[in-house]
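Some notes on the structure that comes next.
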Amino acid sequence: MAATPNRQFKNIFVLSGFNYGKHKDFVEAAINLGRSIAERKLHLVYGGGNRGLSKLVSEAAFVRGNQVLVIIPSALKTLGSLSNSPTGEELVVLSIQERITEMLNHADAFIFLPGDLATLEALITLASWAHLRIHQKLIGLLNVNNFYDGFIAFLNHAIKNYFIPSTAKKLFICAHTTNELLDPLQAYRPEPDPWTFVLERPNNDGNSSRSKKYKLDLTLRL
């Protein structure tokens, strides 16, 4: 059973690579995540891939009545790497960096499935911005088949060598199952951290449609 959230929590951004991975566990985890997001009446936001684990998450959520917001960089859309999604509304941005900014605008937390270099880039960027207090949104790692063990090992290594403060580990929740990840994400309340800096987040042009805040009806249509 899902935990009762103690703060307003509606939107979850899911990121992964454009491939399905070597093991069927990756596919099953993506489908289960989409189902759980819909069951908890959360609004799914993702990067608009027309294949890979993110597509499976969005399809599994959409068929259960969930609405989906797709944030697509125009360059990748033009190249055909990403495509219009029939499962939700679409927000086209100019660059990968702007997509990360819009991810912050439209998400209460982030979940990373196993992915590629672009997935890792987004993970590092969001973690760095969280450490700089540009945002206070938790980052969830769905550690299917121990995929993120190497990343956790790197964090521990950097902490041991005094390049990263130990408090940085509080930015992440790492779990092997969907419920083990979603429960603490929904219950999370940010706490002040004296070891972080406070910077302003980059802003888009307020007159641009790219900065539009989507307010979607989250009612499930089962």
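The values are calculated or read from the model by the stated rules, or taken from the named source; none is laboratory data. Note that the coordinates shown come from a computational prediction; the quantities given were computed from them, not determined experimentally. With ideal geometry, Cβ positions are generated from the backbone for all residues, glycine too; neighbour counts draw on all protein chains shown.
Within segment 63-81, how many residues turn out to be surrounded by fewer than 18 Cβ atoms within 10 Å (Cβ to Cβ), touching a helix residue (DSSP H, G or I) at 6+ places or on another chain (Cβ under 7 Å) and modelled with pLDDT under 75?
Adding up the residues that qualify gives 1.
Pairs, please: C-beta under 9 Å, at least 6 apart or cross-chain, first residue closer than 13 Å to Gly115 by Cα and in segment 52-70, second of a type in the set (Val, Ile, Thr) and crowded, with 23+ Cβ neighbours inside 10 Å?
Leu53/Val14; Ser54/Val14
Condition first: crowded, with 20+ Cβ neighbours inside 10 Å and hydrophobic (A, V, I, L, M, F, W, C). Now tell me which residues in segment 101-117 satisfy that.
The answer is Met103, Ala107, Ala109, Phe110, Ile111, Phe112, Leu113.
Of the numbered conditions (1) crowded, with 23+ Cβ neighbours inside 10 Å; (2) touching a Phe, Trp or Tyr at 6+ places or on another chain (Cβ under 7 Å); (3) at pLDDT below 85, Tyr20 fails exactly one; give the number of that condition.
Status for Tyr20: all satisfied but (1).
A quick yes/no check of all residues on (1) in a helix (DSSP H, G or I); (2) in contact with a Phe, Trp or Tyr (Cβ under 9 Å, 6 or more places away or on another chain); (3) surrounded by 14 or more Cβ atoms within 10 Å (Cβ to Cβ):
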site	(1), (2), (3)
Thr119	yes, yes, yes
Arg133	no, yes, yes
Asn145	yes, yes, yes
Ala153	yes, no, no
Ala158	yes, no, no
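Are any residues in segment 167-182 closer than 17 Å to Gly34 by Cβ and either basic (Lys, Arg) or within 15 Å of the chain's Cα centre (by Cα) (or both), and if so, which ones?
Result: Ala175, Thr178, Leu181, Leu182.
Given the options Asn203, Asn207, name the one that is surrounded by fewer than 16 Cβ atoms within 10 Å (Cβ to Cβ) and either modelled with pLDDT of 65 or more or over 22 Å from the mean Cα position of the chain (by Cα) (or both).
Working: Asn203 fails: either modelled with pLDDT of 65 or more or over 22 Å from the mean Cα position of the chain (by Cα) (or both).
Criteria check complete, one pass: Asn207.
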